[in-house]
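Note sheet for the following structure.
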Amino acid sequence: MSVIVGVPVERPGAITSTLRRWGIRPRLRNLELLLLLLAAAALTVGWISLASQQAGRVTTGDPSVLMVYVGVLLVIHAAFVITGRRTDQVLLPVTGLLGGLSLLLMARLPQGLATQDLGSITLGLAPLQLFWLGLALAVLAVLAIVVRNDDWLRAYKYTWAAVGIGLLLLVFVLGDPTNGARLSLRIGPIAGQPSELLKVILVVFLAGYLAENRTLLARASTRLGPISVPPLPYLLPMLGMWGIALAVVIVQRDLGAALLFFSVFLTLVYVATRRRAYVILGLALFLAGATALYFLFGHVRTRVDIWLDPYVDPLGSGYQVIHALYSFGRGGILGTGLGAGLPAVSGTPGDLPAIHTDFVFAALAEELGMLGALAILALYGVIAERGLRIAVQAADDFRALLAVGLTMVIVIQAALIMGGNLKLVPLTGITLPFVSYGGSSLLANAIIVGLLLALSDRGVEPPPPPSPRRRFLSRGGSR
Amino acid sequence: MDYFTLTIWLVRIGFVICLYLFFFVLLRALWRDLRATVAASGRSLGRLVVVASPEGMPQAGSSIPLDAITSLGRDVNNSITVDDAFVSAEHAVLTFRGRAWYLEDRGSTNGTYLNGQRIQGVVPLGYGDELQLGQVRLRLERERTS
Amino acid sequence: MSDLLGRSDPAVVPTIGSALLRLGVALALVFTGLGLGLGYWQVVQAETLTTDPGNPLVQAAVRAAPRGRILDASGEEVAVNVRGPNGERLRSYPRPAMAPVVGYQSLIFGTSGVERAYDAELTGLKPLGPGGDMVRKFLPDPYDPSDLHLSVDVRLQEAAMAALGDQRGAVVAIEPSTGRVLALASSPTFDPNLLVDPAGGQAYLDSLRGQRASPLLERATQGLYVPGSVFKIVTAIAGLGSGAIRPDTTYATQPAEYFDGFRVEGFSIRDSPREFQTDDPLDLIEATEVSSNIYFAHVGLDTGPEAMLDWAARLGFGSPIDFDLPTAPSQVTNGDGPLFGFTDRVELANAAYGQGETLVTPLQMALVAACVANDGLLLRPTLVDRLVAESGRTRTVEPAVVRRVSSAGDAEVITQAMVTAVEGEFGQSFTGGAKVPGVTTAGKSGTAEVGDVARPHSWFIGFAPAEEPRIAIAVIVERAGTGRDVAVPMGGDLMELYLSLID
């Protein structure tokens, strides 16, 4: 793994020449800086709004959490500038703004929703989320700066797949059953949700597998009745994927993760082959699986029934969904204002169970109104746009598929949980990336954005030349 | 309406304005980026920027658009004629294959360097990489309009 | 943008770029869908959600905000706030006779009546003006409770309740030119003060539920009664409106049928015996005056089942009436027969004089009277004149036309028939008791047979003054005897009282 050493720039100054001696070539990132400053300004105004609303007088409150957070963002920006990576300048501010909105919400919710004892002091919701955000952003920055080569992902895709399945099995066996769902794994004092990491590993494997085989998958076909389908051996991974998704639902009882895995998988297969047959086949498998699960498993049936009509049991299983809708309604167009949402009105904090994980979107939509909620929606839209652009500009298929897959993990997660909050799709227990409370989710999503940033760098090592086999199968190596 | 209520109003409106200002700047940047890419894609796959050329052919600072196969050398039959004492007649060739550029030395006397290292056989290169033939240094860049 | 997505690249089997474009479009659709979802819940459904009784916001507002008062047409308080023994906010109802209109608001049992229909306005959750919701979001105290000014006149209401007394029945009075409901009495009723009492409320409710007279039933809007002869006005509207009859239409066989019975498929229809009988056939006005079943059975058969249903539907039959309180739909037939819902022509002939499978609510019959009084134009009945919010915002409820039922000419003919029924030489003996002294009075009595043993329902509908009607009224007293004996004088007295009140 060789590191591209910067070549001299035209007018070296004293500092730059010193840095150059260490192989570092600073590069200004004005757009990123401007966007970060705007985001910081917005968050500051939001913080004042929240603190004033809560105090009943105009005040900035205790801005330390926000200041630390903005500081972290600026340090990362500085690191990007100094190391001179030519990475995307939009993703960091967008991620940063989402994380900042998350902090505003966490600071506003009852701090007792999540606590961590550290000997003499106890950290509440907002400081904990700040800690995880900081850690996640650090991981993001390190990945974006250090990764200059994708061999470690490309070459070992089956190893990664094995690691992923191993993680899954580990959770099956050792998982901590909470609310009937085996999601978290506890090793010593650290509890994490490996399925979050599994999302990333899965995309790495699929990108590698599809990049290698996509020509075959796209061309070869067997006729099955009126439709032409690819030969059976190539369908096995699809069936395997379907099996994993089913297993996740049945054993882990995690409907959201299964939906996410399967939709990311279908998207990648479509992008790699552009064959509708796969999508139709995949959807057929999905419908068959979903129908069977609906009739076989109570927890799946409950979710779907609540979705269809939450008013059947308004005080029990439908409670969350109905109250999320109330939140949207109360928010209206302009919102109630930060800190003025329902818990302040009724004096019953935590009116909505899981408000800090599953219902952050409803909570923000109540306090920021439709204008704020649309802004959040647009932030994920921008992430999607950047991800697809990175894929378009990627040097080869593996990188393109990796970029698409990683982007889709974030976008589909966001769409599923926002749709669930809005009662457009059944509610599943997945997180809103960068906004929901939770360390595992933040770290996994930060890894994704970090990798996307690394992929976006036009200066990273070029991929290896096409292998002879691929050259043979493609229509010709060059035009 | 009292002072506090009014201030809260203004702060809340300010928050929304800040959010949308962020989007305004962001969308403007994305739009420019998109236009640049659309415009660039119609033109060429990339260009070589001449970083240093002691003998003035090609001229330092000039930018040369690239075809999918671009040969470099002292001979006038090359796509890019590099008139330098240390450059061979048929020195090197740049090819765009699949999705990336590759550089190959064509058996030159003094060799071809990529980012300061002499190359052996076919090597891939990315935008921003610098290649050197004799005393002439060239940087591969993406085509852009703005 | 497709060209940058790889077509210019030397292509490998379908390029990834072209699929990315489609993916981008799909994602754009998904995000648009989410945006529309937001718009649906946060704009379209926002008001429904924020005023849903299950919303904690509503429950908080009920506890926190003072509730608006309810006043009658003359500004008399009929529902106010008091403090309970433990300092909690309770409703008090100084005029319990208003219970059938106002209902109750109890911390335990929720709301009913106008208290329920206008709950959001009374608590102030629902802003009165357009755009009020957006402004409200910026107010420190978002609640703007409204006082409710009813159209009901508490004096008329109390007189109606007193007239009904211990009997079961209902009175509905409407101002024909506006649709304002002047009285809406149901008997027996309940005392809302006892119901909202936190200590004894449950026991009182249990005792109400135990009573066979079902005092919690809103007879005026939800009680379904056999109408008897008052339904002949509906048949007249349908016959004239459809062109099946004219005011001078007569049936040559009718005088003979008075003695022999009018045979429809073997079933014999008879008029009640009357002392005066000529050999000349009756026309519409004379038939109304003497309330001839035979004549109206002929009209019904000539009009036909389809037109009968059609014109009744124009008056509001067949579906719940658009009203502030829940209403039961009135019916001409129960609709399970082969003849447009009628079993046969016998049922149609019986329905035409109100004795088939016909069931009506008192409110529906009051609307029939009001419609005739208002020259054939049916107006939406309203209970509330205006809402005045604490902030001073006011919303006035304007009269709303439902539809034109009859031409002014037809309405004039029917008015004349109803005036003759009260004031005519022969009519006087049936309906003369409704005459308001010094005022031309229109009316129609009814005696609705319900089974062979029980006494009939006593009905009256009418309006006064006939030239420029100020009040239209429907009175039903259950199992009280003939219309002439009970409902007719009660309707006349109440109209007389109201006309004297507004002078």
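Hey, C:GLU412 hits all of (1) out of contact with any helix residue (DSSP H, G or I) (no Cβ under 8 Å at 6 or more places or on another chain); (2) under 29 Å from C:TRP311 (Cα atoms); (3) open to solvent by less than 50 Å² (accessible area, probe 1.4 Å) but one; which does it fall short on?
C:GLU412 satisfies every listed condition except (3).
If you go through segment C:342-377 one residue at a time, how many are open to solvent by less than 10 Å² (accessible area, probe 1.4 Å), of a type in the set (Val, Ile, Thr) and part of a helix (DSSP H, G or I)?
Here the count works out to 2.
Of all residues in segment A:98-124, which are more than 17 Å from A:PRO63 (Cβ to Cβ) and not in a strand (DSSP E or B)?
First, the residues of segment A:98-124 that are more than 17 Å from A:PRO63 (Cβ to Cβ): A:98, A:109-110, A:112-123.
Across segment A:98-124, the qualifying residues are A:LEU98, A:LEU109, A:PRO110, A:GLY112, A:LEU113, A:ALA114, A:THR115, A:GLY119, A:SER120.
Identify all residues within segment B:131-143 that are open to solvent by 10 Å² or more (accessible area, probe 1.4 Å) and either within 8 Å of chain A (Cβ to nearest Cβ) or assigned to a strand (DSSP E or B) (or both); write none if there are none.
Taking segment B:131-143 and keeping what is open to solvent by 10 Å² or more (accessible area, probe 1.4 Å), we get B:132, B:134-135, B:137, B:139, B:141-143.
Residues satisfying the conditions are B:GLN132, B:ARG137, B:ARG139, B:GLU141, B:ARG142.
Restricting to segment B:60-74, and then to whatever is in contact with a Ser or Thr (Cβ under 7 Å, 6 or more places away or on another chain), part of a loop (DSSP other than H, G, I, E, B) and of a type outside the set (A, V, I, L, M), can you tell me which residue is nearest to B:TYR127 (Cα to Cα)?
Here the residue is B:ASP67.
Exactly one condition in (1) open to solvent by less than 10 Å² (accessible area, probe 1.4 Å); (2) free of Cβ contacts under 8 Å to residues at least 24 places away in the same chain; (3) not small (Gly, Ala, Ser) is false for A:MET418; which is it?
Just one mismatch for A:MET418, condition (2).
Can you name the residue in segment A:290-340 that is assigned to a helix (DSSP H, G or I), open to solvent by 40 Å² or more (accessible area, probe 1.4 Å) and within 14 Å of chain C (Cβ to nearest Cβ) and, of all such residues, is modelled with the highest pLDDT?
A:TRP307
Just the residues that are under 23 Å from C:SER272 (Cα atoms) and not hydroxyl-bearing (Ser, Thr, Tyr), please, taken from segment C:225-244.
Applying the first criterion (under 23 Å from C:SER272 (Cα atoms)) to segment C:225-244 yields C:225-237, C:239.
Within segment C:225-244, C:VAL226, C:PRO227, C:GLY228, C:VAL230, C:PHE231, C:LYS232, C:ILE233, C:VAL234, C:ALA236, C:ILE237, C:GLY239 qualify.
Restricting to segment A:395-430, count the residues that are more than 7 Å from every other protein chain (Cβ to nearest Cβ), under 30 Å from B:LEU45 (Cβ atoms) and part of a loop (DSSP other than H, G, I, E, B).
0
Which ones in segment C:101-118 are out of contact with any Lys or Arg (no Cβ under 8 Å at 6 or more places or on another chain) and in a helix (DSSP H, G or I)?
Passing the criteria: C:VAL101, C:VAL102, C:GLY113, C:VAL114, C:ARG116, C:ALA117.
Can you tell me which condition A:TYR437 does not meet? The list is (1) open to solvent by 30 Å² or more (accessible area, probe 1.4 Å); (2) modelled with pLDDT of 90 or more; (3) aromatic (Phe, Trp, Tyr), and all the others hold.
So the condition that A:TYR437 fails would be (2).
Here are some conditions: (1) hydroxyl-bearing (Ser, Thr, Tyr); (2) open to solvent by 70 Å² or more (accessible area, probe 1.4 Å); (3) closer than 20 Å to A:ASP396 by Cβ. B:THR95 meets all but one. Which one does it not meet?
(2)
Are any residues in segment C:305-341 surrounded by 19 or more Cβ atoms within 10 Å (Cβ to Cβ) and farther than 30 Å from C:VAL384 by Cβ, and if so, which ones?
Of everything in segment C:305-341, those that are surrounded by 19 or more Cβ atoms within 10 Å (Cβ to Cβ) and farther than 30 Å from C:VAL384 by Cβ turn out to be C:PRO305, C:MET308, C:LEU309, C:VAL332, C:THR333, C:GLY341.
Looking only at segment B:49-76, count how many residues are within 16 Å of the chain's Cα centre (by Cα) and either open to solvent by 40 Å² or more (accessible area, probe 1.4 Å) or hydroxyl-bearing (Ser, Thr, Tyr) (or both).
7
Scan segment C:430-447 and tell me whether some residue there is aromatic (Phe, Trp, Tyr) and in contact with a Lys or Arg (Cβ under 6 Å, 6 or more places away or on another chain). Talk me through it step by step, then tell me what you get.
Here is the first cut: in segment C:430-447, the ones aromatic (Phe, Trp, Tyr) are C:430.
Okay, now just the ones that are also in contact with a Lys or Arg (Cβ under 6 Å, 6 or more places away or on another chain), so C:430.
Checked segment C:430-447: at least one residue is aromatic (Phe, Trp, Tyr) and in contact with a Lys or Arg (Cβ under 6 Å, 6 or more places away or on another chain).
Of the conditions (1) at pLDDT 85 or above; (2) of a type in the set (A, V, I, L, M); (3) buried (at least 19 other Cβ atoms within 10 Å of the Cβ), B:LEU125 satisfies every one except a single condition; which number is it?
Among (1) at pLDDT 85 or above; (2) of a type in the set (A, V, I, L, M); (3) buried (at least 19 other Cβ atoms within 10 Å of the Cβ), the lone unmet condition for B:LEU125 is (1).
Scanning for something open to solvent by 50 Å² or more (accessible area, probe 1.4 Å) and within 11 Å of another protein chain (Cβ to nearest Cβ), does segment A:64-82 turn up at least one residue?
Looking only at segment A:64-82, we keep the residues that are open to solvent by 50 Å² or more (accessible area, probe 1.4 Å), and these are A:64, A:67-68, A:74-75, A:82.
Next, from what is left, pick out any that are within 11 Å of another protein chain (Cβ to nearest Cβ): none.
No.
Working only within segment A:140-178, note down all residues that are crowded, with 18+ Cβ neighbours inside 10 Å, in contact (Cβ under 8 Å) with a residue 60 or more places away in the chain and under 29 Å from A:ALA354 (Cα atoms).
The answer is A:LEU140, A:LEU168, A:VAL171, A:GLY175.
Take the residues in segment B:31-44 that are more than 8 Å from every other protein chain (Cβ to nearest Cβ) and part of a loop (DSSP other than H, G, I, E, B), then tell me which one is modelled with the lowest pLDDT.
Of segment B:31-44, the ones more than 8 Å from every other protein chain (Cβ to nearest Cβ) are B:31-32, B:35-36, B:39, B:43-44.
Add one more test, that the residue is part of a loop (DSSP other than H, G, I, E, B), and what stays is B:43-44.
On the way: B:ARG43: 54, B:SER44: 61.
Taking the candidates together, the pick is B:ARG43.
Any residue that is assigned to a helix (DSSP H, G or I), at pLDDT 90 or above, farther than 22 Å from C:PRO381 by Cα and in contact with a strand residue (DSSP E or B) (Cβ under 7 Å, 6 or more places away or on another chain) - is there at least one of those in segment C:209-230? Walk me through it before giving the result.
Within segment C:209-230, the first condition is being assigned to a helix (DSSP H, G or I), and the residues that meet it are C:209-210, C:219-222, C:228-230.
Now restrict to residues that are at pLDDT 90 or above: C:219-222, C:228-230.
Cutting the leftovers down to farther than 22 Å from C:PRO381 by Cα gives us C:228-229.
When the remaining residues are screened for being in contact with a strand residue (DSSP E or B) (Cβ under 7 Å, 6 or more places away or on another chain), the result is C:228-229.
Scanning segment C:209-230, I find at least one residue that is assigned to a helix (DSSP H, G or I), at pLDDT 90 or above, farther than 22 Å from C:PRO381 by Cα and in contact with a strand residue (DSSP E or B) (Cβ under 7 Å, 6 or more places away or on another chain), so the answer is yes.
For a quick check of your reading: which helices (runs of 4 or more DSSP H) sit entirely within segment C:239-337 and have at least 1 residues that are in contact (Cβ under 8 Å) with a residue 40 or more places away in the chain and touching a Pro at 6+ places or on another chain (Cβ under 7 Å)?
Working: elements: C:254-260, C:284-290, C:293-303, C:305-315.
Hits in segment C:239-337: C:254-260, C:284-290.
How many residues does segment A:42-63 contain that are without any contact (Cβ under 8 Å) to a residue 40 or more places away in the chain and either outside any helix (DSSP H, G or I) or open to solvent by 40 Å² or more (accessible area, probe 1.4 Å) (or both)?
11
Considering each of A:GLY476, A:GLY381 in turn, give the residue that is open to solvent by 10 Å² or more (accessible area, probe 1.4 Å), at pLDDT 80 or above and within 11 Å of chain B (Cβ to nearest Cβ).
A:GLY381
The values are calculated or read from the model by the stated rules, or taken from the named source; none is laboratory data. Since we're looking at a predicted model, the values are computed, not measured. Glycine gets a Cβ as well: all are built from the backbone with ideal geometry, and neighbour counts include every protein chain shown. Calculation scope for accessible area: heavy atoms of the full protein, side chains included, ligands and nucleic acids excluded. Shrake-Rupley method; radii C 1.70, N 1.55, O 1.52, S 1.80 Å.
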